[in-house]
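Heads up, the thing below is written out as structure tokens.
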Amino acid sequence: MSTFLSSKNGTKARKPRRCCLCGERIEVGDTKDTRTGVSDGSVWTMHMHPECHAYEQRPGVVDPEWYEDVCEPAFSRAEAVAAIKEDAK
């Protein structure tokens, strides 16, 4: 079981990261969101593109079991960007 501790949105990446949701790189200087928690005594941090984070928050986008074994992207960044753009219309 995992316990959510904190979230930061809109920070600038100080070093290259990989978005845990789409698998694409987050470059130095890019805006990113983070989520931190504890699972089985280990601290974890998820780094995400803001649009991927927003898309992930929609009901039914990510299967809850995906979080237990994050080894493959949950969706593509293009899919997230397209959905966010569609919402803005």
Which values of log₁₀ I(q)/I(0), to two decimal places, follow from the Debye formula for the chain at q = 0.12, 0.13, 0.19, 0.22 Å⁻¹ with a uniform point scatterer at every Cα?
-> -0.36, -0.42, -0.91, -1.19
The chain - mean residue ellipticity at 222 nm from DSSP helices (-39,500 (n - 2.57) per run, n ≥ 4, rounded to 500) = -6000 deg cm²/dmol
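Which percent of the Cα-Cα distances in segment 21-68 go past 17 Å? Numbers along the way, then the final one.
Values: 469 of 1128 pairs.
For segment 21-68, the share of Cα pairs beyond 17 Å comes to 42 percent.
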Using a Gaussian network model of the chain with C-alpha springs under 10 Å, which one of Glu56, Glu68, Glu27 is most mobile by mean-square fluctuation?
-> Glu68
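What ranking of Tyr67, Tyr55 comes out by heavy-atom accessible area, probe 1.4 Å, highest first? All intermediate terms of the calculation are to be shown ahead of the outcome.
Numbers: Tyr67 85, Tyr55 25 Å².
So, going from the largest accessible area down, we get Tyr67, Tyr55.
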Note: Lys89 to Trp66 extended length (0.36 nm per residue) minus current alpha-carbon separation gives 5.3 nm
Low-density loop cleavage sites - trypsin sites (Lys or Arg not before Pro) in segment 2-54, where at most 14 other Cβ are within 10 Å (DSSP) | Arg14
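What FRET efficiency, computed as 1/(1 + (r/R0)^6) with R0 = 35 Å and r the Cβ-Cβ distance, is obtained for Glu79 and Val38, rounded to the nearest 0.05? Provide the component values of the computation, followed by the final result.
Details: r = 30 Å, r/R0 = 0.85.
FRET efficiency, Glu79 to Val38: 0.75.
The values are calculated or read from the model by the stated rules, or taken from the named source; none is laboratory data. Remember, predicted model here, so these are calculated numbers, not experimental data. Neighbour counts run over all protein chains shown; Cβ positions are idealised from the backbone, glycine included. Side chains are part of the model used for accessible areas, which takes the heavy atoms of the whole protein and leaves out ligands, DNA and RNA. Shrake-Rupley method; radii C 1.70, N 1.55, O 1.52, S 1.80 Å.
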